[in-house]
Amino acid sequence: MAHRTQTVWWQLGLWALVLTMSAALLPRSAQIYSQWWHTRQEVRVQEAQLQSLRQEARALRQQIRRIATPAGREAIAREKGWLKPGEQPLQFIPESGE
C-alpha cells in the first residue's frame with residue numbers, strides 16, 4: 001500500500017510540475033505567437049509589394065524593348081505629338097450647322 005501511495009504522490013507531483021511550467025510558459029508562448037502572427041502579416045504585405053514591383057519591372061522592360069526599335073521610337077514620338085521635318089499636322093475643320 002505504501003508503494004501505491006508513493007506512486008500517487010509522484011504522479012501528483014509531476015502533474016503539479018507540468019501545470020506550473022505550463023502556467024509559467026504561457027505568457028511567453030502568447031508573446032511568441034503574437035510576434036509570429038505580426039511577422040506573417042508583414043510577409044504578406046511585402047510579398048504583395050514584391051509582386052507589384054515585378055509587374056512594374058516587366059512593363060518597364062517592355063517599354064525598353066519598344067524604345068530599342070526605330071518603329072517603337074517613332075510611335076512614342078507620334079503619341080507625344082511630334083512631327084517629322086516637313087510634315088503638317090492633320091487639322092479637322094468642323095462643318096457649320098447652318
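The values are calculated or read from the model by the stated rules, or taken from the named source; none is laboratory data. Everything numeric here is computed off the predicted structure, so don't read it as measured data. Cβ coordinates were reconstructed from backbone atoms using ideal geometry, including for glycine residues, and neighbour counts include every protein chain displayed.
Checked against (1) more than 20 Å from the chain's Cα centre (by Cα); (2) of a type in the set (D, E, K, R); (3) surrounded by 10 or more Cβ atoms within 10 Å (Cβ to Cβ), Glu42 meets all criteria but (1). Close Cβ contacts (under 8 Å, 6 or more residues apart or on different chains) running from residues in the stretch 62-78 that are closer than 21 Å to Pro89 by Cα to residues that are surrounded by 11 or more Cβ atoms within 10 Å (Cβ to Cβ) and hydrophobic (A, V, I, L, M, F, W, C) comprise Arg73/Ile67; Ile76/Ile67. Quick one: Ala48 ticks every box in (1) of a type in the set (Gly, Ala, Ser); (2) loosely packed, with under 10 Cβ neighbours inside 10 Å; (3) within 25 Å of the chain's Cα centre (by Cα) except a single one, so which number is it? Going through (1) of a type in the set (Gly, Ala, Ser); (2) loosely packed, with under 10 Cβ neighbours inside 10 Å; (3) within 25 Å of the chain's Cα centre (by Cα) one by one, Ala48 breaks only (2). Residue count for the stretch 66-98 satisfying the condition of being surrounded by 10 or more Cβ atoms within 10 Å (Cβ to Cβ) and not acidic (Asp, Glu): 11.
Please verify whether Pro27 is modelled with pLDDT under 90 and part of a helix (DSSP H, G or I), treating the condition exactly as stated. Spelling it out, Pro27 is indeed modelled with pLDDT under 90 and part of a helix (DSSP H, G or I).
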